[in-house]
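Participant: I have a structure here, written as structure tokens, and I will follow up with some questions on it.
Read-outs throughout are calculated quantities, based only on the coordinates presented, and are distinct from any laboratory measurement. Everything numeric here is computed off the predicted structure, so don't read it as measured data. Because the Cβ atoms are built from the backbone with ideal geometry, glycine has one as well, and the counts that use them run over all protein chains shown.
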Amino acid sequence: MQLANDREPMTKDKGRSAQRFDTIGATLVMLSATGFATLPILGKFAYADGLDLPSTLFWRFAGAAAMLWVWMLWQGRWRLPMQQAIASTLLGAIGFAIQSGLFFAALDYAGAGITSLLLYTLEPIVTVLLGIAFLNEALSIQQILGGLLVISSVIVLRAFPQKRRDR
């Protein structure tokens, strides 16, 4: 397995470096989750200020591209091999842009909380299923129980909705 930055895959790390990766990886995931958690609220603010779906997506991706360029320049890796550049562009333009567009469009029809709840509830289940289908990953009893717990939690939340507070 070859990584873009020519390092050994993290799965081969042993001992202290694996523990360091676990700590750094977990921290980065928490920061990412915090950033993603702001999306529905910021999307609602953008819509309230008169931005439409294409404008909201444009500003989101323009900001992300600017931050990515700064990161790449800081890391000294501002050039990508052509194959990686094509794959990254397709992944962003097709996969992430469509997903983001559907997410922000859903905010027109549902609240920020339920939109995020459904997205982040279904995402790990779909990821596990795709891992099984395309990466030959095994399905564990913990994943089955976790998936059932997640789905049953959504059912409970939808079956017994909270009354909305007036501001």
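Participant: Is the range 110-161 rounded, prolate or oblate when judged by the Cα gyration tensor, a ≥ b ≥ c being the square roots of its eigenvalues, rounded requiring a/c under 1.5 and prolate requiring a/b larger than b/c? Spell out each step's value before the answer.
Facilitator: Working: a/c = 4.57, a/b = 1.85, b/c = 2.47.
Taking the square roots of the gyration eigenvalues as a ≥ b ≥ c, the range 110-161 is oblate.
Participant: What residue among 41, 90, 106 has its Cα farthest toward the positive end of the dipole of the chain, where the charges are +1 on Lys, Arg and -1 on Asp, Glu, each on the Cβ?
Facilitator: 41
Participant: In addition: Only counting other Cβ atoms within 10 Å, I'd like 47, 120 sorted with the fewest neighbours first.
Facilitator: On the way: 47 16, 120 13.
Fewest to most other Cβ atoms nearby, the residues stand as 120, 47.
Participant: If you don't mind, there's one more thing I want to ask. Would you mind telling me which residue in 52, 108, 22 has the biggest mean-square fluctuation in a Gaussian network model of the chain, where springs connect alpha carbons within a distance under 10 angstrom?
Facilitator: Answer for the Gaussian network model of the chain: 22.
Participant: OK, next. What is the order of 163, 44, fewest Cβ neighbours within 10 Å to most? Let's see the in-between values first.
Facilitator: Working: 163 5, 44 16.
So the ranking, lowest neighbour count to highest, is 163, 44.
Participant: Using only the alpha carbons, work out the radius of gyration and Dmax of the chain in angstrom.
Facilitator: Calculated on Cα positions, Rg and Dmax stand at 19.2, 54 Å.
Participant: For every helix of n ≥ 4 consecutive DSSP H residues, a contribution of -39,500 (n - 2.57) applies; sum these over the chain, divide by its total residues, and give [θ] at 222 nm rounded to the nearest 500 deg cm²/dmol. Write out the running numbers ahead of the final one.
Facilitator: Values: 6 runs with 119 residues, N = 167.
Per the formula, -24500 deg cm²/dmol.
Participant: From the phi angles alone, apply the Karplus equation (6.51, -1.76, 1.60; θ = phi - 60°) to the range 41-49 and give each ³J(HN,Hα) in whole Hz, x where the residue is Gly or Pro.
Facilitator: Taking θ as phi minus 60°, the curve returns 5, 5, x, 5, 4, 4, 5, 5, 8 Hz for the range 41-49.
Participant: Where the centroid of each part is defined by its Cα atoms, how far is the range 110-124 from the range 22-81 in Å?
Facilitator: Centre-to-centre distance over Cα atoms comes out at 18 Å.
Participant: Which whole-Hz ³J(HN,Hα) couplings does the range 131-138 yield from phi under the Karplus relation 6.51 cos²θ - 1.76 cosθ + 1.60, θ = phi - 60°, glycine and proline marked x?
Facilitator: 3J(HN,Hα) across the range 131-138, in whole Hz: x, 5, 5, 10, 10, 6, 6, 8.
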